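Visitor: Below is one structure. I have some questions about it.
Every read-out reported here was derived from the displayed coordinates using simple, explicitly stated rules and does not represent laboratory data. None of these values were measured; they are calculated from a predicted model. Neighbour counts run over all protein chains shown; Cβ positions are idealised from the backbone, glycine included.
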Amino acid sequence: MSRVAVVGAGTMGLTAAYHLLKAGHQVEVFEADQIAGGMAAHFDFDGISLERYYHFVCKADRPTFELLAELGMEGAMRWRPTSMGYFYQGEHHAWGDPLALLRFPHLDLISKIRYGLLMFLSTKRRDWSGLDKLRAHQWIKVWCGERAWKVLWEKLFTLKFFEFADDISAAWIWTRFKRIGTSRRSLMQEELGYIEGGTEVLVQRLVERIGELGGKIHLAMPVSEVHIDNGAVTGLTAAGLRHAFDAVIATVPLQFIPRMIPALPQDMRDQYAALKNIGVVCVVHKLKKSVTRHFWLNVNDDRIEVPGIVEFSNLRRFGDDHIVYFPYYMPTTHPKFSQSDESIAQESFAYLKLLNPALSDDDRLATRVSRLRYAQPVCPPRYPESVPPVATHIKGLQIADTSSYYPEDRGIAEGARLAKEMAARVR
Ligand SMILES: Cc1cc2nc3c(=O)[nH]c(=O)nc-3n(C[C@H](O)[C@H](O)[C@H](O)COP(=O)(O)OP(=O)(O)OC[C@H]3O[C@@H](n4cnc5c(N)ncnc54)[C@H](O)[C@@H]3O)c2cc1C
């Protein structure tokens, strides 16, 4: 059995550690942060235990259900009928089902039929090899036409990907259509899920099982270097101390790899360094009043600089409080990424008042701003050709992050699936 180090105690790293321990390996997890969970970690939000970044579960997230079952948490999933809305140039519209599409006043009937067909066929499609060669905006325009692209998509892409908006793979966006499009109770009713108590409950259970199986989790112990000798992993340095290992699974953002593993060949390090990512400044407000009856509200309004908001309490309830996430995605070079928490909190609340003019300053109970530099991988067409494989040519070294299950988008489920695969490769 091997001595294995896992770098990163996000859900992928913890799941990998859990499977490694079950297979009989000796496992240590190294995490830079003070707490486990990574993007799925919680914080105390004015008395509520809440994710820094919203998390919902879809019916297609099978690896999550399998992991929950293994951990004895089958009963933890909760499902609710949810809905989507569209705030288009100052007006609210229903969205996300065929009737809402037909009633949407800003598109002609032909565009609506084409859009509906794209969404429907996306839920049926399995093969993504052709889509991997196409750009998302071109694919959507071919299917839905120029007008639908302008009305429904252009702003959403620009406000999420900025200068990268024209270079996103069609395969990547297709998996998003499919994941959401198949999370339904019926044609007319979307249904999303969440873990009772939040994603932290899964994180804590993994931490607990890792402990029970004899694994160690070192918090506040950033790994500065992974060591390689003669084409094989020999160990790592964390918090200034060198530790010997036979295998390492790194789950940190791929952009960290060139610095963390300087012994990798230059061409490989160049490949990791060239990958693009989008940051997020995620504001969450606790409010006395609801902003919208929808879980997800798409926003296309010249006065508002985000492509959508998530009224999370329309999925997971928090008594009388309303929890609204306001994710500002942007490249970290954007000036707004460095704007102060208070000014971004004020701005986002002003936007909420545009979305619901009945909101007043008295309705804002608490606000928290979280920032993440590597929040969303940018996956252009033929993405897999631009990134080294998860199982590297170095003996014992596997490297993955949220882009490694492309074309699937970042998500707990795909991370859990890949973690299990990586653990099974360790001999
Ligand atoms: C705004 C937002 C919304 C999301 N919504 C959803 C959703 O609705 N549903 C869903 O399924 N998923 C969602 N996700 C994605 C989901 O959170 C991620 O896919 C998942 O949490 C990633 O887990 P991970 O372990 O791969 O990475 P991470 O959680 O990023 O874990 C990597 C860990 O490595 C640590 N680390 C970094 N450098 C070092 C170092 N040098 N040494 C040691 N440790 C280090 C980090 O601190 C971190 O804890 C969302 C993400 C964001 C940002």
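Visitor: Which residues, counting only those in region 304-322, are under 16 Å from Tyr53 (Cβ atoms) and within 14 Å of the ligand (Cβ to nearest atom)?
Guide: Passing the criteria: Val306, Pro307, Gly308, Ile309, Val310, Glu311, Phe312, Leu315, Arg316.
Visitor: For Met260, are the conditions met, namely being crowded, with 18+ Cβ neighbours inside 10 Å, touching an Asp or Glu at 6+ places or on another chain (Cβ under 8 Å), at negative phi and of a type outside the set (Asp, Glu)?
Guide: Criteria met by Met260.
Visitor: On to the next question. Do we have any residue at all in region 400-415 that's over 20 Å from the mean Cα position of the chain (by Cα), assigned to a loop (DSSP other than H, G, I, E, B) and surrounded by fewer than 21 Cβ atoms within 10 Å (Cβ to Cβ)?
Guide: Scanning region 400-415, I find no residue that is over 20 Å from the mean Cα position of the chain (by Cα), assigned to a loop (DSSP other than H, G, I, E, B) and surrounded by fewer than 21 Cβ atoms within 10 Å (Cβ to Cβ), so the answer is no.
Visitor: Now a separate question. Lys141 - would you say it is within 21 Å of Leu109 (Cβ to Cβ) and either touching a Cys at 6+ places or on another chain (Cβ under 9 Å) or surrounded by fewer than 17 Cβ atoms within 10 Å (Cβ to Cβ) (or both)?
Guide: For Lys141, the condition - within 21 Å of Leu109 (Cβ to Cβ) and either touching a Cys at 6+ places or on another chain (Cβ under 9 Å) or surrounded by fewer than 17 Cβ atoms within 10 Å (Cβ to Cβ) (or both) - is not met.
Visitor: Another question about this same structure. Out of region 361-382, which residues are over 27 Å from Glu311 (Cβ atoms), surrounded by 16 or more Cβ atoms within 10 Å (Cβ to Cβ) and away from the ligand (no atom under 16 Å from the Cβ)?
Guide: Pro380, Pro381 - these are the residues of region 361-382 that are over 27 Å from Glu311 (Cβ atoms), surrounded by 16 or more Cβ atoms within 10 Å (Cβ to Cβ) and away from the ligand (no atom under 16 Å from the Cβ).
Visitor: A further question follows. Out of all the residues in region 6-29, which are crowded, with 24+ Cβ neighbours inside 10 Å and more than 6 Å from the ligand (Cβ to nearest atom)?
Guide: Scanning region 6-29 gives Val6, Leu14, Thr15, Ala16, Ala17, Tyr18, Leu20, Val27, Val29.
Visitor: Among the residues of region 211-233, how many are touching a residue at least 40 places away in the same chain (Cβ under 8 Å), within 14 Å of the ligand (Cβ to nearest atom) and either of a type in the set (Phe, Trp, Tyr) or in contact with a helix residue (DSSP H, G or I) (Cβ under 7 Å, 6 or more places away or on another chain) (or both)?
Guide: 3
Visitor: Let me ask something additional. What's the total number of residues in region 234-259 that are closer than 20 Å to Ala16 by Cα, within 16 Å of the ligand (Cβ to nearest atom) and not in a strand (DSSP E or B)?
Guide: Residues flagged as closer than 20 Å to Ala16 by Cα, within 16 Å of the ligand (Cβ to nearest atom) and not in a strand (DSSP E or B) within region 234-259 amount to 7.
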